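Have a look at the structure below, then the notes.
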Amino acid sequence: MQDLAIKSGSLVAPRHLAIIMDGNGRWAQMRGKQRVFGHKEGANAVRRVITASAKMGVKELTLFAFSSENWKRPKLEVSALMTLFSEYIKKEANALKENGIRTRIVGDKTKFSKSLQEQISKVEELTKDCNVMQLNIAANYGGRWDILDAFKQIITKNSQGLLNLNELNEDLVSQNLCVPSDVDLMIRTGGEKRISNFLLWQAAYAELYFSNTLWPDYDEDDLKEAFQFFSTRERRFGMTSAQVQNKDPNNAN
Ligand code: FPP
């Protein structure tokens, strides 16, 4: 079984943490400002949470920055978000490298401007040998798109003779997703309780944690609260509690 969690003091940090960063718009509107102001402040929370996650022992962090459906938002908001991503990547690239954060932008990148695609390639290349934490920024991402794309890749590889469809199994599907590893803990901020097409396959056995904190306010203490919850969970993966605790005489292990 994969290394699911890494002990950090009394808190157990998830190996793979996924976050739906929600509440930027409301945060701004509560202050009488434009929604974009909330996204800008949200970028500061992104920085804080990357640092805190790496410090607490998370090995992989996937952040939902822009969904396949977010193109439906007002044009101005979409273009402000694209500018924000581009500026963020440009500004943070060196710090990400210095802190050992291997960074990938995951999702359908073909819809992004050429210059954003170039920024993305640069940061991915710059940080490719980093090994403190893997950071996946999901942009123009949807869980259904990811699964569909994995099957398209499998079919292409089959037609090129690179794999045999008789070998099709869950591992092969996982390996062809843009984020191959299973999620251990999924957090959603901003009070809503849904997963909104995020990492559908990878979150099959994830613990789910919903926080009322609006994303721009999210900080290390909020993260610790979520890890506290995660630390109390018994992860059974379909087995009984006794089997997990290895008390059951019929336990095959
Ligand atoms: C959801 O809040 C948030 C988004 C769609 C955008 C997320 C973007 C950021 C956190 C900013 C920067 C990110 C990076 C990676 C640099 P919402 O706007 O739906 O909030 P609401 O529910 O209050 O309206």
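The values are calculated or read from the model by the stated rules, or taken from the named source; none is laboratory data. Note that the structure is predicted; figures quoted are calculated from it, not measured. FYI the Cβ positions are ideal-geometry reconstructions off the backbone, even for glycines, and counts take in every protein chain you see.
Here are some notes:
- Of residues in segment 191-221 being in a loop (DSSP other than H, G, I, E, B), among the hydrophobic types (A, V, I, L, M, F, W, C) and within 17 Å of the chain's Cα centre (by Cα), the one farthest from the ligand (Cβ to nearest atom): ALA204
- Scanning segment 184-209 for residues being in contact with a Phe, Trp or Tyr (Cβ under 9 Å, 6 or more places away or on another chain), within 20 Å of ASP108 (Cβ to Cβ) and crowded, with 18+ Cβ neighbours inside 10 Å gives a total of 2.
- Out of ASP129, ASP149, sole residue that is under 30 Å from MET56 (Cα atoms) and free of Cβ contacts under 8 Å to residues at least 60 places away in the same chain: ASP129
- LEU185 within 15 Å of the ligand (Cβ to nearest atom) and touching a residue at least 60 places away in the same chain (Cβ under 8 Å): no
- Screening LYS59, LYS55 for residues that are crowded, with 18+ Cβ neighbours inside 10 Å, of a type in the set (Lys, Arg) and closer than 22 Å to ILE187 by Cβ leaves exactly one candidate, LYS59.
- Residue in segment 162-180 that is in a loop (DSSP other than H, G, I, E, B), β-branched (Val, Ile, Thr), within 22 Å of LEU17 (Cβ to Cβ) and more than 16 Å from the ligand (Cβ to nearest atom) present: no
- Top-ranked residue in segment 85-136 [being among the hydroxyl-bearing types (Ser, Thr, Tyr) and over 18 Å from the mean Cα position of the chain (by Cα); ranked as surrounded by the most Cβ atoms within 10 Å (Cβ to Cβ)]: SER86
- Taken over segment 58-70, the criterion of being within 11 Å of the ligand (Cβ to nearest atom) and within 13 Å of PHE112 (Cβ to Cβ) is satisfied by ALA65, PHE66, ASN70.
- Segment 156-167: number of residues that are in contact with a helix residue (DSSP H, G or I) (Cβ under 8 Å, 6 or more places away or on another chain), surrounded by fewer than 16 Cβ atoms within 10 Å (Cβ to Cβ) and among the hydrophobic types (A, V, I, L, M, F, W, C): 1
- Checklist (1) modelled with pLDDT of 95 or more; (2) away from the ligand (no atom under 11 Å from the Cβ); (3) farther than 20 Å from GLU125 by Cα; (4) within 15 Å of the chain's Cα centre (by Cα) applied to LYS55, failing item: (4)
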